[in-house]
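Okay, so here's the structure we're looking at.
The values are calculated or read from the model by the stated rules, or taken from the named source; none is laboratory data. Remember, it's a predicted structure, so these values are computed and weren't measured experimentally. We place every Cβ from the backbone using ideal geometry, glycine too, and count neighbours over all the protein chains shown.
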Amino acid sequence: MITANCLILSGIVCKTPIRKVSPSGVPHCQFVLEHRSVRQEAGFSRQAWCRIPLVVSGKQMLEITCYITVGTQITARGFISCHQGRNGLSKIVLHADQIDLINSGD
């Protein structure tokens, strides 16, 4: 069986990162990434917009999360998975294994 699950998405951090450590000692950082772009579809320009929760886990990723605040522009690469919220509803979450900070040019 062939399985592919890789997502690369650029955007702006739009919710304050929450940093936690799991009971097993793994650090996690959670925030929401907002993406906006114009894409071509069927010969027409289309506005693409989404907000996706993003999770960064592991000590090797901890350093990069120190630079992430609301308004930070990033490109994140990882896989998507479904998380069930306290309300019982499922949501797609991007589990990032690579994050690149985008220089805003300021």
Exercise. Hey, any hits in segment 19-26 for a residue that's under 20 Å from the mean Cα position of the chain (by Cα), outside any strand (DSSP E or B) and touching a residue at least 40 places away in the same chain (Cβ under 8 Å)?
Worked result: no
For this session: State all residues of segment 85-103 that are surrounded by 13 or more Cβ atoms within 10 Å (Cβ to Cβ), in contact with a helix residue (DSSP H, G or I) (Cβ under 9 Å, 6 or more places away or on another chain) and aliphatic (A, V, I, L, M); if no residue qualifies, say none.
Result: A96, I99
Problem set entry | Residue identified as more than 20 Å from K91 (Cα to Cα) and either touching a Pro at 6+ places or on another chain (Cβ under 6 Å) or part of a strand (DSSP E or B) (or both) among Q30, Q47, Q60 | Q47
Exercise. What number goes with the only condition from (1) within 18 Å of L94 (Cβ to Cβ); (2) within 14 Å of the chain's Cα centre (by Cα); (3) in a loop (DSSP other than H, G, I, E, B) that H35 does not pass?
Worked result: (3)
Exercise. Within segment 82-106, how many residues turn out to be touching a residue at least 60 places away in the same chain (Cβ under 8 Å) and not in a loop (DSSP other than H, G, I, E, B)?
Worked result: 1
Seminar exercise, completed: Filter segment 27-36 for residues that are in contact (Cβ under 8 Å) with a residue 24 or more places away in the chain and out of contact with any helix residue (DSSP H, G or I) (no Cβ under 8 Å at 6 or more places or on another chain); the one that is surrounded by the most Cβ atoms within 10 Å (Cβ to Cβ) is L33
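When the residues of segment 63-81 are narrowed to those that are modelled with pLDDT of 90 or more and assigned to a loop (DSSP other than H, G, I, E, B), which ends up surrounded by the most Cβ atoms within 10 Å (Cβ to Cβ)?
The first filter runs over segment 63-81 and keeps only residues modelled with pLDDT of 90 or more, leaving 68-81.
Filter again for assigned to a loop (DSSP other than H, G, I, E, B), leaving 68-72.
Working: I68: 20, T69: 11, V70: 12, G71: 9, T72: 18.
Of everything passing the filter in segment 63-81, I68 is surrounded by the most Cβ atoms within 10 Å (Cβ to Cβ).
Please work out which residue is nearest to T69 (Cα to Cα), limiting yourself to segment 19-41 and to residues that are of a type in the set (A, V, I, L, M) and modelled with pLDDT under 95. Even if it seems obvious, please write down each step before you answer.
At the first step, the residues of segment 19-41 found to be of a type in the set (A, V, I, L, M) are 21, 26, 32-33, 38.
This time we only want the ones that are modelled with pLDDT under 95, so: 21, 26.
On the way: V21: 18, V26: 21 Å.
For segment 19-41, the residue satisfying everything is V21.
Within segment 44-61, track down each residue that is loosely packed, with under 15 Cβ neighbours inside 10 Å and of a type in the set (A, V, I, L, M, F, W, C).
In the first step, residues of segment 44-61 are kept if they are loosely packed, with under 15 Cβ neighbours inside 10 Å; the result is 44-51, 58-60.
Passing the criteria: F44, A48, W49, C50.
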For this session: Answer yes if at least one residue in segment 43-51 is touching a Ser or Thr at 6+ places or on another chain (Cβ under 7 Å) and either closer than 21 Å to N103 by Cβ or of a type in the set (S, T, Y) (or both), and no otherwise.
Result: no
Exercise. Between residues in segment 1-18 that are in contact (Cβ under 8 Å) with a residue 24 or more places away in the chain and within 13 Å of W49 (Cβ to Cβ) and residues that are among the small types (G, A, S) and not in a loop (DSSP other than H, G, I, E, B), which pairs lie under 7 Å by C-beta distance while being six or more apart or on different chains?
Worked result: L9/A76
